[in-house]
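Please read the structure below before turning to the comments.
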Amino acid sequence: MSVSPKVLLMSGALAALSFEAKADGPEFQLKQGANLDVVEENCAACHSLDYIEMNSPFLDEKGWQASVAKMVKAFGAPIEAADQQKIVEYLAANYGKK
């Protein structure tokens with residue numbers, strides 16, 4: 001099955017519009033709280049901060065601890081141990097599973 005050039009062009013245009021709309025939308029803001037600056041400084045260096053909110057229904061303090069450890073060990077995030085703990089504290093307090 002072949003796809004016509006018109007369909008490909010339209011698909012690409014729609015994807016571009018979708019991306020533009022997302023890029024022009026309001027930037028995601030995390031909840032205010034102790035150590036927010038540490039979270040923004042370290043986590044936003046590698047990924048969008050809205051991932052935090054998307055994962056919040058699933059992660060309690062132990063889950064956030066494991067997630068931060070994975071970012072450091074598996075993905076090589078250069079986060080110092082003291083900052084890792086501050087990030088976990090912020091995430092558990094503001095985005096921990098209820």
Item checked: Members of the stretch 55-76 found to be free of Cβ contacts under 8 Å to residues at least 12 places away in the same chain and either surrounded by fewer than 11 Cβ atoms within 10 Å (Cβ to Cβ) or outside any helix (DSSP H, G or I) (or both), listed by number -> Lys73, Ala74, Gly76
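Listed here are the residues, each with its yes/no results for (1) at pLDDT below 90; (2) within 30 Å of Gly76 (Cα to Cα).
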residue: Val3; (1), (2): yes, no
residue: Leu17; (1), (2): yes, no
residue: Ala23; (1), (2): yes, yes
residue: Leu30; (1), (2): no, yes
residue: Val39; (1), (2): no, yes
residue: Cys43; (1), (2): no, yes
residue: Leu49; (1), (2): no, yes
residue: Ile52; (1), (2): no, yes
residue: Ser56; (1), (2): no, yes
Next item on the list: Please name all residue pairs, on different chains or six or more residues apart, with Cβ atoms under 8 Å, provided the first residue is in the stretch 80-98 and is without any contact (Cβ under 8 Å) to a residue 60 or more places away in the chain and β-branched (Val, Ile, Thr) and the second residue is surrounded by 20 or more Cβ atoms within 10 Å (Cβ to Cβ) and in a helix (DSSP H, G or I).
Entry: Ile87/Val39; Ile87/Asn42; Ile87/Cys43; Ile87/Trp64; Ile87/Val68; Val88/Trp64; Val88/Val68
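The values are calculated or read from the model by the stated rules, or taken from the named source; none is laboratory data. Predicted model, so just to flag it, every value in this text is computed and none were measured. Cβ atoms come from the backbone with ideal geometry, glycine included; neighbour counts cover every protein chain shown.
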